[in-house]
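First comes the structure, then the notes that go with it.
Just so you know, all these numbers are worked out from the coordinates, no wet-lab data involved. None of the values given here were measured: they were computed from a predicted structure. Using ideal geometry, Cβ is built from the backbone for each residue, glycine included, and neighbour counts are taken over all protein chains shown.
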Amino acid sequence: MEEKKEAINPKIREEMERMKVGSRLSKLILAVFLIVALIFRFYFQIPLSSYLFIIISLWILSVFLKEFLVLKFIKEAKKFTDFQLLFSFLELFLLTLIIHFLGGVTWIGGVLYLMIISRMAIVLPYQKTKYILFGATALFLSLVLLEYLGVIPHHYVIPQLEGMDLHRDLPYVLATSFIMIAAIFYSFRSILFFSSNLKEKEKSLLKAQEDTDKALRRAEEAKNILEIRVKARTKELKELNEELEERVEKRTKEMQRRMEELEKFHRITVGREKRMIELKKENEKLKKEIEELKN
């Protein structure tokens, strides 16, 4: 597992961590949305379509599938970005279906597109985020047009609006669509400004981290060089100490040898002096004996 992690580009690993955070947030929002929809249907008796719950469930499953595919197959930055973009279009399509089953143009459901746009503005480059913005706009306008022309049926969530046919009221449709798209574009600019500042701060933090890592590496290299020098000097001192001990030992042996020679010479010298004294005494004794014989 460790070897597999090492094979992944550090930038990809960072993007994957972001993706995991975004996926957890998406799953949490979708789970809450699903619970709220269930409460509205069974407690407040609001006639929500069963397809709505199927779509939300499929969306949650698709988030798990996205994580699996990214961790299993994506190893390059460009492929990861392209995959994120494609999956965002899938999320936009699923969200458009949810908006359709929640009343389409007759309410402010189009604002939900900001949930995807804001998340992708932080992750994807500006050019690719624009594709998502235009994709969301195109899907919403397509939904409005298809409902207006009667190609697809309009779903009423609020029973009181059922007889009003607001989805086929041209002034209402145009005004609501314009306000919705204007709000999305304005929010997109604000999100983009925020994400740009966030990315700049992130770059600054990454640069500071890189500088810190470089400083740590230099300190580590200096530490290693110092350790090598200390080891070399220790080895040199050890060799000198061994050499000195050898010389001291050799000198000690030589001094012991000389001491032994001196002691031997001393013994020989002392023995000779004693012998000379004895000979001198014997000589004097002989002299006396000779004188006595003469007398």
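Each listed q (0.13, 0.14, 0.16, 0.21 Å⁻¹) maps to a log10 I(q)/I(0) for region 163-295, found by the Debye formula over equal Cα scatterers with no solvent: -0.94, -0.97, -1.04, -1.18. The Rg/Rh ratio for region 67-115, using Cα coordinates for both the radius of gyration and the Kirkwood hydrodynamic radius, is 1.17. For region 49-199, the square roots of the Cα gyration tensor eigenvalues, ordered a ≥ b ≥ c, give a/c of at least 1.5 with a/b no greater than b/c, which places it in the oblate category. Axis of helix 50-73 versus longest Cα principal axis of the chain: the two differ by about 30°, to the nearest ten degrees. Over the residues of the chain, the helix contribution to mean residue ellipticity at 222 nm works out to -31000 deg cm²/dmol, using -39500 (n - 2.57) for each DSSP H run of at least 4.
Against the chain, whose longest principal axis is taken from its Cα atoms, helix 113-123 shows a tilt of about 20°. Note on the chain: the C-alpha convex hull projects to 30.5 nm² when averaged across all orientations.
For the chain, the longest principal axis of the C-alpha atoms and the axis of helix 170-294 are separated by about 10°.
In region 2-196, a dipole from Cβ-located charges (positive for Lys and Arg, negative for Asp and Glu) runs towards its positive end, and of Val111, Phe194, Pro153 it is Phe194 whose Cα lies farthest in that direction. Report note on the peptides 171-184, 215-228: ranked by the mean count of other C-beta atoms within 10 Å, highest first, their order is 171-184, 215-228. For the chain, the relative contact order works out to 15 percent when only alpha carbon pairs closer than 8 Å and six or more residues apart are counted.
Cross-link list Lys27/Lys72; Lys207/Lys231; Lys231/Lys253: which exceed 27 angstrom alpha carbon to alpha carbon? Result: Lys207/Lys231; Lys231/Lys253 exceed 27 Å.
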